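Report on one structure; see the data block that follows.
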Amino acid sequence: MTPVQIYLPIAELPVNVLLIFVMGLAVGFISGMFGIGGGFLMTPLLIFVGIAPAVAVASVTSHIAASSFTGAITYWRRRALDPALALMLLVGGILGTSAGVWLFSLLRAIGQLDLTIGLSYLVLLGTVGSLMVAESVRAIIRARQGKPAEIRRGGSHTWIHGLPFKLRFKQSKIYVSTIPVWGIGFFIGFIGAVMGIGGGFLLVPMLIYLLRVPTSIVIGTSMMLTLVTMALATIMHAATNHLVDVVLALILMVGGVTGAQFGARAGQKIRSEQLRLLLGLLVLAVGLRFAFGLVVRPDELFTLRSVEGVT
Amino acid sequence: MTRPHLSISAVLLALAVSVVPAGAEQLVTSLSNYRVSIASNFAGADLVLFGTVDRDAATVARRGGYDIVVTVIGPRQTVVTWRKERVLAIWVNAESRTFVDAPTYLAVLASRPVETIASPELQRRLQIGLNNILLPQDIAGDVADVVRDDPFRMAFVRLRGEQGLYLERTNAVTFLTPTLFRTAIPLPADAPIGSYEVDVKLFADGVMIARERSAFELYKVGFEQLVANAARYHGFVYGLGTAGLALLVGWLASVVFRRD
């Protein structure tokens, strides 16, 4: 089959439609399997294909918006999400996104954006990946030995539960201060804007371990937050930087939402701790890839960056 | 489509009033296309340039024959070149140079190696070849070109060359007859849109005896143009549209793949 080339109007380069579609499909499969947006895979992949990082980040936001909308609808039908909690997270999320966009522009101007993205990916994915792998390996060993799975300690309280301004979230069956909810929302929005990710793979464990949101509600709620922040990020990027490539985004979306359906079905056939181990390994692998890029002497020490417009 | 007519009429006018001293060679050139359009299947293009050296009865014989150097300069853009250095085990962008209004595309096409066409001094004066093109850098507020073997300048030219945007070819201009020549200007797939200057210089016996300048336009057509314009001039609406499209695709998927 001859490669089908299409010219991307904003990225200003021709790409192979099939390659981009398959990338969307593959990332969609993974995102459906694990209930995450998949931005932390998609953005590096696009940069690797030769799309300018700024265009990749801006266009991936709409791809994540599409896939998380599909997911959110599914969870909404099952009533497996908490709109009130999502709304409170969103308050922090919007502030965080704005702060992230500001830092993004600043780092770009002083030429340290790539380094910051690399280090952030390394630290964040390295830590999260290691924790996930360790936790899931322990869970698998425990299951092999026939011991019952660790039950969520419903009654245990941490310092987080001592904070003021408490609100009751009925759907999640939690009674918690709004401060950590806003804080988590802010953090997810902030790193999402700086690193070009939806942040689902961080938000899910944070909601489970810090706020003790029931596992059944977590993914739907996380998708609802991601949907709104990423849709807003798309509009903000388009209005300020003019870097959203709608053709690229459309190919990614169609591939992404299709892949997500098959991923979700595949995910249901795998045991949850094995799923967490796989995701942990994947997160760790992307983190290590960035470590490699930072430590190994690059083939090319020089890079070009146009001051105005895109190249 | 006014440009070709203008240049042709300019040539005719020049001939009619005989501005050029009698006996000197005249250079007449034409491009295969003055407006190159980029559609969704654009994978690069070769633009053909034809030219002829006009002689009359009074023109002296040139024993060494003619030589042609074609310089094509694309739209200009300010570019920062960064150099990585090792800081605490990791590679960091440490030093940078700003190239002010550097051409985004630069092609030097000659009929022979440039060294054999003109003296080094003349090459520098006429900015012939990648080594002699002025690439001014912003050095603490002062804008000046630097020495040719400056590592940042060399890296800039090399990286642009790897992108297919800077090139120098010494046997690219072919003489079909002693006075009729042709060359192909290679435009890579990611050539930036905008106006490209074409500067054709005619040499004989080591001196420049005629020069012709023209230009062509690289632009986007159809859907691409529409999208690019919308993104640039109606960013907010375009963003809303893209976000709306995302929701539509997401919703469609949930309908199409619905199982319950």
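Bear in mind these aren't lab numbers, they're just calculated from the coordinates by the rules spelled out. All values reported here derive from a predicted model rather than from experimental measurement. A quick note on method: Cβ atoms are made from the backbone with ideal geometry, for glycine too, and the neighbour counts reach across all protein chains shown.
Some observations on this one:
- Extension gain (nm, one decimal) between A:ARG78 and A:LEU281, 0.36 nm per residue minus Cα-Cα: 70.1 nm
- The stretch B:145-200: C-alpha gyration tensor shape, a/c 1.5 cut-off, then a/b vs b/c: prolate
- Pairwise Cα inverse-distance average, inverted: Kirkwood Rh of the stretch B:221-260 (Å): 11.6
- According to the Kirkwood relation over distinct C-alpha pairs, the hydrodynamic radius of the stretch B:159-236 is 15.9 Å.
- Whole-number D in µm² s⁻¹ for the protein assembly as shown, Kirkwood Cα-pair radius fed into Stokes-Einstein, 4 °C, 1.567 mPa s: 48
- When each of A:VAL257, A:VAL176, B:VAL207, B:VAL147 is scored by the number of other beta-carbon atoms lying within 10 Å, the sequence from fewest to most is B:VAL147, B:VAL207, A:VAL176, A:VAL257.
- In the protein assembly as shown, taking the dipole from charged Cβ atoms about the Cα centre, the farthest positive-side position among A:ILE191, A:GLN268, B:GLY239 is held by A:GLN268.
- Kirkwood hydrodynamic radius (C-alpha pairs) into Stokes-Einstein, the stretch B:94-178, 10 °C and 1.306 mPa s, D in µm²/s: 112
- For B:ILE68, A:ILE36, A:ILE251, order by how many other beta-carbon atoms lie within 10 Å, fewest first: A:ILE251, B:ILE68, A:ILE36
- Averaged over the residues of peptide A:234-247, the number of Cβ atoms from other protein chains lying within 10 Å of each residue's Cβ is 6.
- Distance between the stretch A:188-247 and the stretch B:119-162 - C-alpha centres, whole angstrom: 46
- In the stretch A:40-83, the trypsin sites (Lys or Arg not before Pro) that fall in loop regions by DSSP, at most 16 other Cβ within 10 Å: A:ARG78, A:ARG79
- Shielding value for B:89-96 is 6, the average number of Cβ atoms from other chains within 10 Å of each residue's Cβ.
- Solution diffusion estimate, µm²/s, Stokes-Einstein, chain B, Kirkwood Rh from C-alpha pairs, 4 °C, viscosity 1.567 mPa s: 60
- Averaged over the residues of peptide A:63-75, the number of Cβ atoms from other protein chains lying within 10 Å of each residue's Cβ is 5.
- Taking a Cβ cut-off of under 15 Å around A:ALA84, the surrounding Lys, Arg, Asp and Glu residues balance to a net charge of +4, with basic ones at +1 and acidic ones at -1.
- Ordering of B:171-182, A:195-206, B:210-221 by packing [mean C-beta count within 10 Å, highest first]: A:195-206, B:210-221, B:171-182
- Helix-only mean residue ellipticity at 222 nm for the protein assembly as shown, each DSSP H run of n ≥ 4 adding -39500 (n - 2.57), per residue, nearest 500: -17000 deg cm²/dmol
- Taking only the C-alpha atoms of chain A, Rg followed by Dmax gives 19.5, 63 Å.
- Taking all Cα pairs closer than 8 Å and separated by 6 or more residues, the relative contact order of chain A comes to 39 percent.
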